[in-house]
Amino acid sequence: MKIALFYYDGFSEFEIVLIGLFFRRHEVVSIALEQREYKSEECQRFCVDQVIQQVDIDSIDLLVIPGGEPAPLVANAELKHFIESVLARNKKVAAICGGASALAGMGLLKGTKCTGMSSGVNPEQPSYPYFSESIVSEDHVVVDGNIITAQGQAYVEFAIELVRQMALYPEEELGDALKWFKNIR
């Protein structure tokens, strides 16, 4: 199994760090628009394995788009075409917080049940109009076909759902993992 994590300047590392942990026994690659260093919201620096033009879409099973500031991504036609190609090949695309806003802003969530932003789709946030043609849910994580979206605060639930979607662990272990990360006894 191969997971592609999409990096861009200001992406929220904490929203995807558990995905790296859960998928560590599989191939995890970092991809981006350019071959250069990227700085996360947490001021960590990241190198990428491949630019999206080099990615063999047929080789990846899941594309993950972390949160951050979606506005610069929304207008990027190359990224939109890449994501459309992933979806056209029946691969899964997962986006959390600003990543879901980017998908919505690109028009990729039209008619799709979804959630996003930091604590849900909020009319007071600038990216709210992106979701005007989506079916917005207040759930923390939403799965609609091959698209998985999550609110930023639900990064643990998001990672658990990706594990579920990719059938990595038995269902009973997922509940235990969620309880452990949420410090529930």
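General remarks:
To keep it simple, each residue is scored yes or no on (1) in contact with a His (Cβ under 8 Å, 6 or more places away or on another chain); (2) assigned to a loop (DSSP other than H, G, I, E, B); (3) at pLDDT 95 or above; (4) basic (Lys, Arg).
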site: Leu87; (1), (2), (3), (4): no, no, yes, no
site: Leu103; (1), (2), (3), (4): no, no, yes, no
site: Leu108; (1), (2), (3), (4): no, yes, yes, no
site: Asn122; (1), (2), (3), (4): no, yes, no, no
site: Val142; (1), (2), (3), (4): no, no, yes, no
site: Val156; (1), (2), (3), (4): no, no, yes, no
site: Ala159; (1), (2), (3), (4): no, no, yes, no
site: Ala167; (1), (2), (3), (4): no, yes, no, no
site: Glu172; (1), (2), (3), (4): no, no, no, no
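- The set of residues from the range 56-72 being touching a residue at least 40 places away in the same chain (Cβ under 8 Å) and within 30 Å of Pro129 (Cβ to Cβ) comprises Leu62, Leu63, Val64, Ile65, Pro66, Gly67, Gly68, Glu69, Pro70, Ala71, Pro72.
- Ala77 among the hydrophobic types (A, V, I, L, M, F, W, C) and free of Cβ contacts under 8 Å to residues at least 40 places away in the same chain: yes
- Breaking point among (1) part of a loop (DSSP other than H, G, I, E, B); (2) hydrophobic (A, V, I, L, M, F, W, C); (3) within 29 Å of Glu84 (Cβ to Cβ), for Ile184: (3)
- Residue check, Leu103 crowded, with 16+ Cβ neighbours inside 10 Å, more than 19 Å from Ile16 (Cα to Cα), in contact (Cβ under 8 Å) with a residue 40 or more places away in the chain and among the hydrophobic types (A, V, I, L, M, F, W, C): no
- Residue match in the range 20-38 (condition: modelled with pLDDT of 95 or more and at positive phi): no
The values are calculated or read from the model by the stated rules, or taken from the named source; none is laboratory data. Everything numeric here is computed off the predicted structure, so don't read it as measured data. Note: ideal-geometry Cβ built from the backbone for every residue, glycine included; neighbour counts use all protein chains shown.
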